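A.B. asks: After the structure tokens below, expect a handful of questions from me.
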Amino acid sequence: MNKFEASQEQPKDIIKEIEETKQELELLLNNPEENKEGIFTLSNSLKELNNILEQEIEEEIEKALSPYKENPNEIKSEFRPSLLEKLSQDEDENTRALVAENPSTPIEILNRLSKDQSSYVRTIAARNPNTPKQTLEKLSQDENEYVRTNVAKNPNTSLETLEELSRDENDNTRTNVAKNPNTPREILKELGKSESVLVKGAVAENPNTPKKTLAELSQDENEYVRTNVAKNPSTPQYVLEELSSDVSEQVREGVAQNPNTSAEILEKLSKDQNIWVRADVAKNPNTPQYVLEILNKDKFKDVRAGIALNPSAKEEILKALSKEGYKNARAFVAKNPSTPPNILDELSQDVSAWVRENIALNPSTKEETLKALSKDRFESIRKSVAKNPNISPDMLEELSQDRSSQVRTCIALHPNTSLKLLKELAKDNVYSVKMLALKRIKDYEQI
């Protein structure tokens, strides 16, 4: 009986058996003339063992792919190159597109998918930030406008390609060039002269746009363009001052939302007739305390609720707002990272699940408060606890056994989850949780 027949009677680890066969073959090859028959037999056995191994690998891959037939979206979190390779050759274009979207897809597969016959697959490949610059350059010349539009959006697109696409005939492509954070100021300046409202609006929104161009766009007849200038953190104060008197309520709201709007302009806007302008002033951290105190007496509850989101609001104002009958005000106090832990602790008993959810997410919430919320009957609240950056190791372990797979998913993704705990989650009976844990384990091993 040869070695292959023996393996059929007593199954062994195929890889181990191949190694043993190779070792025996090497010994026989030391004296080939005397061991011709043995060499022939072992060579045939080795060939058959390799065939069995290939078949087993193929079966394992098919087995690993089976969950994706029921839930294709899980492909986006797959990280094993062999499976991504197999999926990238699927006859279904949606499957190939999901591989093209996956951040773990190897570059060689992305390069191949960038040449896919399906324009949809090429569009998704053009969107992936890991797609190489040279590949994006080729895709920028694609006949399909959606492919070019996604190249224009990609943060990995080279400056030369962005410059070329800034002259594209398609408005959406040029708009995405204008939105791209890497687009040079000179290109933004030229795009700011466009007749397209979409393109000008995108230029007005980009924080890299030159101040002179922003000043010119602030005079645009289109409300959308002026609103984007008003919101842009790079807009000069004198332009914001002019826009604070704009006839459009949306433009004035934009000025009130701007993180660089001066205290003087915010004081002026705190008296605006529009309640949403005043509400945005109430949220702005640059708004002086005396203005917040005045706004806290505003007759409209949404203006008062706006103060609850302001990180500069004083403790006494936040305490008063935490007792408001208006749920939004309490929820915003619960969300505010400047809210003292004692106020958050009191609000953790709130009847509103939204309020408790915000407390569970708040990095200022005390450990004992988080512990109590981790036992809340609402899944959304336990999920929020599982996302909190300050959650303790004990709570991470406890929530890793939560009845909700969504909660366990959050634990698998939490940056403080230990390798030991990830190995436990890798045994989870929910495929998506298991895959996330395995990917995190792989990341650990690469550090």
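The values are calculated or read from the model by the stated rules, or taken from the named source; none is laboratory data. None of the values given here were measured: they were computed from a predicted structure. A quick note on method: Cβ atoms are made from the backbone with ideal geometry, for glycine too, and the neighbour counts reach across all protein chains shown.
A.B. asks: What is the residue count in region 154-171 for residues that are crowded, with 19+ Cβ neighbours inside 10 Å, of a type outside the set (A, V, I, L, M) and in a helix (DSSP H, G or I)?
C.D. replies: 1
A.B. asks: Would you check which residues across region 337-369 are part of a loop (DSSP other than H, G, I, E, B) and closer than 22 Å to LYS314 by Cβ and list them? Give the steps one after another, and end with the answer.
C.D. replies: Within region 337-369, the subset part of a loop (DSSP other than H, G, I, E, B) is 337-340, 348-352, 362-366.
Listed by number, the residues that qualify are PRO337, SER338, THR339, PRO340, SER348, ASP350, ASN362, PRO363, SER364, THR365, LYS366.
A.B. asks: I've got another one for you. Somewhere in region 370-393, is a residue closer than 23 Å to ALA320 by Cβ, of a type in the set (Asp, Glu), in a helix (DSSP H, G or I) and at pLDDT 95 or above?
C.D. replies: Taking region 370-393 as the starting set, the residues that turn out to be closer than 23 Å to ALA320 by Cβ are none.
There is no residue in region 370-393 that is closer than 23 Å to ALA320 by Cβ, of a type in the set (Asp, Glu), in a helix (DSSP H, G or I) and at pLDDT 95 or above.
A.B. asks: Taking region 173-186, which residues are more than 23 Å from the chain's Cα centre (by Cα) and either of a type in the set (D, E, K, R) or part of a helix (DSSP H, G or I) (or both)?
C.D. replies: Restricting attention to region 173-186, the residues satisfying the condition of being more than 23 Å from the chain's Cα centre (by Cα) are 174, 184-186.
Those that are more than 23 Å from the chain's Cα centre (by Cα) and either of a type in the set (D, E, K, R) or part of a helix (DSSP H, G or I) (or both): ARG174, ARG185, GLU186.
A.B. asks: Looking at region 321-352 only, could you name the residues that are surrounded by fewer than 17 Cβ atoms within 10 Å (Cβ to Cβ) and among the aliphatic types (A, V, I, L, M)?
C.D. replies: If the condition is that a residue be surrounded by fewer than 17 Cβ atoms within 10 Å (Cβ to Cβ) and among the aliphatic types (A, V, I, L, M), then VAL351 is the only one that fits.
A.B. asks: Could you pull out every one of the helices (runs of 4 or more DSSP H) wholly within region 209-305 that has 2 or more residues that are over 20 Å from LEU321 (Cα atoms) and touching a helix residue (DSSP H, G or I) at 6+ places or on another chain (Cβ under 6 Å)?
C.D. replies: Values: elements: 211-217, 223-231, 237-243, 249-257, 263-269, 275-283, 289-295.
Helices (runs of 4 or more DSSP H) meeting the threshold: 211-217, 223-231, 237-243, 249-257, 263-269.
A.B. asks: Scan region 102-115 for residues that are in a helix (DSSP H, G or I) and either surrounded by 15 or more Cβ atoms within 10 Å (Cβ to Cβ) or free of Cβ contacts under 8 Å to residues at least 24 places away in the same chain (or both) and jot them down.
C.D. replies: Of all residues in region 102-115, those in a helix (DSSP H, G or I) come to 107-113.
Result: GLU108, ILE109, LEU110, ASN111, ARG112, LEU113.
A.B. asks: Now, a different point. Looking only at region 141-148, decide whether some residue is β-branched (Val, Ile, Thr), on the phi < 0 side of the Ramachandran plot, in contact with an Asp or Glu (Cβ under 8 Å, 6 or more places away or on another chain) and in a helix (DSSP H, G or I). Give the steps one after another, and end with the answer.
C.D. replies: Of the residues in region 141-148, the ones β-branched (Val, Ile, Thr) are 147.
Right, trim to on the phi < 0 side of the Ramachandran plot and you get 147.
From the residues that got through so far, the ones that are in contact with an Asp or Glu (Cβ under 8 Å, 6 or more places away or on another chain) too are none.
The answer is no, given that none of the residues of region 141-148 is β-branched (Val, Ile, Thr), on the phi < 0 side of the Ramachandran plot, in contact with an Asp or Glu (Cβ under 8 Å, 6 or more places away or on another chain) and in a helix (DSSP H, G or I).
A.B. asks: Mind listing just one residue for me: the one in region 187-208 that is assigned to a helix (DSSP H, G or I) and either without any contact (Cβ under 8 Å) to a residue 12 or more places away in the chain or of a type in the set (Asp, Glu) (or both) and, of those, surrounded by the most Cβ atoms within 10 Å (Cβ to Cβ)? So that I can check it myself, show each step before the final result.
C.D. replies: Step one: list which residues in region 187-208 are assigned to a helix (DSSP H, G or I), which gives 187-191, 197-205.
This time we only want the ones that are either without any contact (Cβ under 8 Å) to a residue 12 or more places away in the chain or of a type in the set (Asp, Glu) (or both), so: 190, 205.
Working: GLU190: 16, GLU205: 19.
Filtering first and then ranking leaves GLU205.
Table: residues versus (1) at pLDDT 95 or above; (2) out of contact with any Cys (no Cβ under 7 Å at 6 or more places or on another chain); (3) of a type in the set (Gly, Ala, Ser).
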residue	(1), (2), (3)
LEU87	no, yes, no
GLU93	yes, yes, no
THR105	yes, yes, no
ILE109	yes, yes, no
ASP116	yes, yes, no
SER119	yes, yes, yes
ARG122	yes, yes, no
ALA126	yes, yes, yes
ASN130	yes, yes, no
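A.B. asks: Looking at region 402-418, which of the residues that are surrounded by fewer than 19 Cβ atoms within 10 Å (Cβ to Cβ) and out of contact with any Asp or Glu (no Cβ under 9 Å at 6 or more places or on another chain) is farthest from ASN71 (Cα to Cα)?
C.D. replies: To start, the set of residues in region 402-418 that are surrounded by fewer than 19 Cβ atoms within 10 Å (Cβ to Cβ) comprises 403-406, 413, 415-416, 418.
Right, trim to out of contact with any Asp or Glu (no Cβ under 9 Å at 6 or more places or on another chain) and you get 413, 415-416.
Values: LEU413: 20, PRO415: 26, ASN416: 28 Å.
Per the criteria, the residue is ASN416.
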